[in-house]
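What follows is calculated from the coordinates using simple rules that are stated; it is not laboratory data. Computed from a predicted model, the values in this text were never measured in an experiment. Cβ: placed from backbone, ideal geometry, glycine included. Neighbour counts: every protein chain shown.
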Ligand code: DC
């Protein structure tokens, strides 16, 4: 079974998708982390993120892999590696966030990523989060959710996350970055961020992660009863 979770930047997809996967005992795939990993490597190699040929060539040369395990309190710990190097912290840096939408616009990058995403997900039960999962990667996903929250709330959550890591935050700048990333992601030519027609929208602005999980599992249970 494939559960697709799409939505704009900082809408809580990772928190929800990970917890849902742990609860259902499913695999989990963070496709945003894959685009972030490539972006991190692009910056490391001092490649211009607007230079499509060089970005694509770099992607051909590197190996992005992932691992997941069950951590404390049955939480799911997902890790991403570039050429064997663990990059979980690095890919969440503000610099990577500022450049990731540029790198993920390129068609050849998307095609290569989607191929890997389909391969990883083949045959098993998995929760996959991203921007184009319900529309392009898995148009036949068993369940599609589109997670949203107001801009204020998304920026507040992202600020908290960065502050907890000791990264200084300017709230207004953060808000502008989120708006810009959503704008690029939803207006790009290939696989833009878009709600799949049949996706169920969940506005998490006033909901705790537990409440969102409860809502999603309830919907899954009810739909499965109908089938
Ligand atoms: O979910 P995230 O914020 O970690 O994603 C980072 C970026 O990666 C996002 O701004 C656009 C890109 N992305 C994408 O183009 N397609 C996906 N399926 C997932 C992410």
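Remark: relative contact order (the chain) = 32 percent; criterion is Cα-Cα distance under 8 angstrom and separation of 6 or more residues.
Calculate the FRET efficiency for residue 189 and residue 61 from the Cβ-Cβ distance with a Förster distance of 22 Å, rounded to the nearest 0.05.
0.30
Computed over the Cα atoms of the chain, pair by distinct pair, the Kirkwood hydrodynamic radius stands at 17.9 angstrom.
Note on segment 41-130: along the principal axes its Cα atoms extend 42, 29, 22 Å, ordered by decreasing extent.
Helix-derived [θ] at 222 nm for the chain: sum -39500 (n - 2.57) over DSSP H runs of at least 4, divide by residue count, nearest 500?
Computed ellipticity for the chain at 222 nm equals -15500 deg cm²/dmol.
Extension gain, residue 81 to residue 44, is 11.9 nm, computed as 0.36 nm per intervening residue step minus the present C-alpha separation. A Gaussian network model of the chain, with springs between Cα atoms under 10 Å, assigns the largest mean-square fluctuation among 18, 215, 175 to 215.
Reported to the nearest whole Å, the Cα centre-to-centre distance from segment 1-68 to segment 71-137 is 2. Helix 151-164 axis versus longest C-alpha principal axis of the chain: approximately 70°, rounded to the nearest ten. The mean of 1/r over all distinct Cα pairs in segment 88-216, once inverted, gives the Kirkwood hydrodynamic radius of 16.3 Å. Secondary structure note: in the chain, about 35% of the DSSP beta bridges are antiparallel. Here the Gaussian network model covers the chain, with springs between Cα atoms less than 10 Å apart; of 80, 102, 24, 24 fluctuates the most.
Taking one equal scatterer on every alpha-carbon of segment 3-73, how large is log10 of I(q)/I(0) by Debye at q = 0.20, 0.24 1/Å? Log10 I(q)/I(0), no solvent term: -0.91, -1.05.
The GNM of the chain, with springs linking C-alpha atoms under 10 angstrom apart, assigns the highest mean-square fluctuation among 89, 214, 72 to 72.
Modelled label positions at residue 70 and residue 88, each set 7 Å beyond Cα in the direction of Cβ, lie 1.7 nm from each other. Kirkwood hydrodynamic radius computed over segment 57-102 comes to 12.2 Å, based on all pairs of distinct alpha carbons.
Here each label is just a point 7 Å from Cα along the line to Cβ, and for residue 218 and residue 150 those points are 2.2 nm apart.
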